[in-house]
Amino acid sequence: LAKAARAYAFIKHRGYVIPEDVRAVAHDVLRHRIGLSYEAEASEITSEEIVSRIINKVEVP
């Protein structure tokens, strides 16, 4: 996630990472890392929703 955020910042012509960079790449980086339980699948919860919930709960320093 950190390397992807740095690469994203570089593409945006910045030498530093801001929270928006992390948010921009988090879904693509983390989506495949989430293993859904049978309960989550039965409730039709997607890994995308879980990543969104995590991102929204983390406070930006």
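Some notes on this structure:
- Pairs are defined by a Cβ separation below 6 Å, a sequence spacing of at least 6 or placement on different chains, a first member in the range 13-29 that is under 16 Å from Glu59 (Cα atoms) and of a type in the set (Asp, Glu), and a second member that is at pLDDT 95 or above and not in a loop (DSSP other than H, G, I, E, B); the pairs so defined are Asp21/Ala5; Asp21/Tyr8; Asp21/Ala9.
- Identity of the residue in the range 34-61, assigned to a helix (DSSP H, G or I) and in contact with a helix residue (DSSP H, G or I) (Cβ under 8 Å, 6 or more places away or on another chain), that ends up nearest to Ala5 (Cα to Cα): Ile55
- Residue under evaluation Glu41, criteria (1) at pLDDT 90 or above; (2) acidic (Asp, Glu); (3) surrounded by 10 or more Cβ atoms within 10 Å (Cβ to Cβ), criterion not met: (1)
- Taking the numbered list (1) of a type in the set (Asp, Glu); (2) surrounded by 14 or more Cβ atoms within 10 Å (Cβ to Cβ); (3) not in a helix (DSSP H, G or I) in turn, Asp21 passes all entries but (3).
The values are calculated or read from the model by the stated rules, or taken from the named source; none is laboratory data. Just so it is clear, the structure is predicted and the values come from calculations on it, not from any experiment. Using ideal geometry, Cβ is built from the backbone for each residue, glycine included, and neighbour counts are taken over all protein chains shown.
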